[in-house]
Amino acid sequence: AATNREATYELLRRRGMTKVFGNPGSNELQFLKDFPEDFHYILGLHEGAVMAMADGYAQASGEIPLVSLHSAAGTGTSMGVLANTVQSKSPVVVLSGQQLRDMVGQEIMVSSAHAAQLPQPLTKFSAEPLSANDVVRTMAQAIHLAGLHPKGPAHVSIPHDDWDRPVDENTDLTISRTVQDATSLAPGQLQELTDLLDRAVSPVLVLGPEVDATHANEAAVALSERLGAPAWIAPSPARCPFPTNHPNFAGLLPANVADISSLLSQHDLVLVVGAPVFRYHHDKPGRYLGEGTRLIHVSQDPEEIARAPFGDAYLAPVADTLSALAEAVQVRSDTTVPARSIPAPGTDQPGRMHPDTVFRAIQEIGPDDVIHVVESTSTAESFWSHVELSTQGSFYSAAAGGLGFGLPAAVGIQLAQPGRRVVAEIGDGSANFGITGLWSAARHQLPVVFVIFRNETYGALVNFGRRLDTLGTPPFDLPGIDFVAIAKGYGVRAESATNEAELRAALTRAFNAQEPVLIEAFTYFE
Ligand SMILES: Cc1ncc(Cn2c(C)c(CCOP(=O)(O)OP(=O)(O)O)sc2=O)c(N)n1
Ligand SMILES: [Ca+2]
């Protein structure tokens with residue numbers, strides 16, 4: 001490799017990073033020049049959609065995608081979704097194009113005077129090399145940091161005149177080095193945890209997104225069955241770490257202090273694995289945990305461990321720890337987990353369906369291993385009551401609640417998982433934050449089934465208004481958004497469904513199609 005550009009592509013190739021999600025500006029053209037045949041560029045129409053497609057791809061493929069964005073405004077536009085990416089610890093390298101190195105200081109057009117600071121604190125690492133001689137090493141540092149636990153987005157800004165600069169004699173050493181995670185529980189620590197679990201009268205598991213991200217769902221099931229322990233999903237889930245059709249599945253922990261405390265205090269030992277303690281959302285204060293309950297937290301993220309307000313923690317790999325404990329703890333046969341109570345499905349109204357009707361239809365018509373990408377904020381309880389998730393990697397949602405992830409992320413996830421079907425369940429409010437993802441789905445003929453829940457309001461905000469007693473706000477209704485016309489405008493076949501029969505027919509057609517389809521489901525908010 002003679003130049004920084006060639007050396008960088010060689011570095012990316014060796015790391016298996018041949019997928020580039022991007023939206024180009026003039027600063028990027030020097031990097032994208034003579035784009036190598038073995039690389040695949042996926043164009044997005046808006047940097048939020050580009051970021052979400054890449055984030056979805058990273059989470060569903062296990063690879064590290066490269067995201068090529070324009071300086072300043074381009075990188076700034078991606079940051080709404082980046083707030084989710086850093087929270088879901090998705091391994092992504094964001095490469096933003098910078099103006100001529102010597103003229104950034106004058107802040108000429110499309111220069112980014114504070115490029116390295118711009119995406120902070122939404123990145124695990126962010127740098128602009130101080131010299132053109134440090135481009136390849138800086139790219140390597142970003143790539144390695146993105147892929148080492150805790151994984152996450154790393155950002156590099158490169159002045160466009162650096163790409164043609166020659167590399168030096170040491171560059172091949174940087175390109176060829178490999179790094180790997182090698183931490184594990186020490187034998188003494190494993191024995192300590194095993195004894196704690198064996199001595200517990202009624203242990204309970206709380207599982208988080210890192211269990212799904214490290215493919216440890218089966219180990220979690222094995223440990224839960226061996227202990228006869230109920231398994232809860234940690235609050236505000238962005239992934240699904242445990243099969244929801246398993247008899248030991250207890251449900252989602254409610255996202256507030258008081259309710260979590262009263263649920264967990266029915267046990268004497270709580271084992272939290274692969275989740276922060278905890279991602280509370282609603283304000284219902286109380287004591288974190290009852291006196292007779294001890295909480296043990298296993299995570300591979302030192303910052304998550306350091307900022308937790310209670311519990312004793314082990315910095316350890318999630319998957320290895322779960323499998324080692326599932327082998328080591330004593331088998332208990334004397335405990336059974338009470339069955340979860342599922343509410344009766346809601347009834348439809350003339351011309352509008354209850355969300356339960358929509359989720360039940362998707363559950364019955366979609367394939368068993370369908371992947372759900374959900375961004376429909378007032379229908380979470382309906383989803384988790386009526387949809388069964390059993391395979392690893394079956395659920396993704398915005399990890400920081402930042403809208404604009406779901407619709408385009410579904411496109412990235414379908415690209416990463418061609419052998420499984422993806423269904424995106426998106427609110428008619430959220431859809432607008434990432435709507436250009438429809439064009440990329442059509443452009444790349446990715447057969448995502450987009451289901452828009454058209455309840456014509458910001459349902460979650462009405463719920464919050466009730467909960468926070470902030471009535472009397474301006475109205476947040478969304479009348480008159482025609483998603484069928486919008487979808488057709490972006491090249492996606494679309495149809496409306498106002499009742500269950502129309503919906504089921506449309507879903508059957510959609511899941512049989514090999515192209516993206518949008519179904520506008522008229523629902524109501526109660
Ligand atoms: C980028 C961004 N902007 C605004 C919000 C605030 N917000 C907004 C605007 C919501 C309404 C979503 O409405 P929807 O139609 O997608 O779903 P529901 O009607 O089911 O609530 S939920 C929520 O937290 C957000 N989370 N993220
Ligand atoms: Ca809505």
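Over the C-alpha trace of the stretch 1-115, radius of gyration and Dmax come out as 14.1, 42 angstrom. In this structure the stretch 100-141 gives 55 Å² per residue of accessible area when probed at 1.4 Å with all protein chains present. Near Leu415: Cβ cut-off under 15 Å, other residues only, Lys/Arg at +1 and Asp/Glu at -1. The net charge is +1.
Between amide H atoms placed 1.01 Å from N, distances below 5 Å from Leu389 occur with Thr244, Asn245, all of them 5 or more places distant or on a separate chain. Seen from a random direction on average, the alpha-carbon convex hull of the chain projects onto 25.7 square nanometres. The stretch 293-353 gives an Rg/Rh value of 1.25, both radii derived from C-alpha positions and Rh following Kirkwood. If you take the alpha carbon atoms of the stretch 100-187 and fit the smallest convex hull around them, that volume is 107 Å³ per residue. Taking +1 at the Cβ of each Lys and Arg and -1 at the Cβ of each Asp and Glu, which of Gly311, Pro338, Leu446 sits farthest along the dipole of the chain towards its positive end, judged by Cα position relative to the Cα centre? Selected residue: Pro338.
Highest mean first, what order results for 203-210, 468-475, 377-384 on Cβ atoms within 10 Å?
Details: 203-210: 27.0, 468-475: 8.1, 377-384: 20.2.
Packing proxy ranking, top to bottom: 203-210, 377-384, 468-475.
Its Cα centre serving as origin, the chain has a Cβ charge dipole (Lys and Arg +1, Asp and Glu -1) of approximately 280 debye.
Using a cutoff of 8 angstrom between alpha carbon atoms and counting only pairs six or more residues apart, the relative contact order for the stretch 386-502 works out to 22 percent. Out of every Cα pair in the stretch 53-212, what percent are spaced more than 20 Å from each other? The proportion of pairs with Cα distances above 20 Å equals 59 percent. Each label was represented as a point 7 Å from its Cα along the Cα-to-Cβ direction; for Asp164 and Ala73 these points are 2.6 nm apart.
Computed extension length for Thr194-Leu43: 49.4 nm, one decimal, from 0.36 nm per residue of separation with the Cα-Cα distance subtracted. A viscosity of 0.692 mPa s and a temperature of 37 °C, combined with the Kirkwood radius over Cα pairs in Stokes-Einstein, give a translational diffusion coefficient for the stretch 453-517 of 230 µm²/s.
Past the 15 angstrom mark, what percentage of all C-alpha to C-alpha distances in the stretch 354-402 do you count?
Of all Cα-Cα pairs in the stretch 354-402, 43 percent lie more than 15 Å apart.
Per-residue 3J(HN,Hα) values for the stretch 296-309, derived from phi via the Karplus relation 6.51 cos²θ - 1.76 cosθ + 1.60 with θ = phi - 60°, read 10, 10, 10, 8, 9, 10, x, 5, 4, 5, 5, 8, 5, x Hz in sequence order (x marks Gly and Pro). Each residue of the stretch 25-34 was assigned a 3J(HN,Hα) from its phi angle through the Karplus expression (A = 6.51, B = -1.76, C = 1.60, θ = phi - 60°), giving x, 4, 5, 8, 5, 5, 6, 7, 4, 6 Hz with x at Gly and Pro.
Reducing the stretch 247-299 and the stretch 205-229 to their Cα centroids gives an inter-centroid distance of 16 Å. Amide H to amide H distances under 5 Å link Ala424 with Val373, Val449, Phe450, Val451, where only residues 5 or more positions off or on other chains count and H is placed in the peptide plane.
Report, for the chain, the % of DSSP beta bridges that are antiparallel, rounded to 5.
Details: 4 of 69 bridges.
That works out to approximately 5 percent antiparallel.
Here the peptides 314-322, 93-101 are ranked by packing, the mean other Cβ count within 10 Å, and the order with the highest first is 93-101, 314-322. Residue farthest toward the positive end of the dipole of the chain, with Cβ of Lys/Arg at +1 and Asp/Glu at -1: which of Leu145, Phe511, Gly16? It is Phe511, whose Cα lies furthest towards the positive end. With all protein chains present, how much of the accessible area of the chain (probe radius 1.4 Å) comes from carbon and sulfur, to the nearest whole percent? Ligands and nucleic acids excluded, carbon and sulfur reach 52 percent.
Local charge sum around His297 (other residues, Cβ-Cβ under 12 Å, Lys/Arg +1, Asp/Glu -1)?
Numbers: positive: Arg294, Arg307; negative: Glu210, Asp301, Glu304, Asp312.
Here the charged neighbours net out to -2.
The values are calculated or read from the model by the stated rules, or taken from the named source; none is laboratory data. Quick caveat: nothing in here was measured; it's all calculated off a predicted structure. A quick note on method: Cβ atoms are made from the backbone with ideal geometry, for glycine too, and the neighbour counts reach across all protein chains shown. SASA here: full protein model, heavy atoms, side chains in, ligands and nucleic acids out. Shrake-Rupley method; radii C 1.70, N 1.55, O 1.52, S 1.80 Å.
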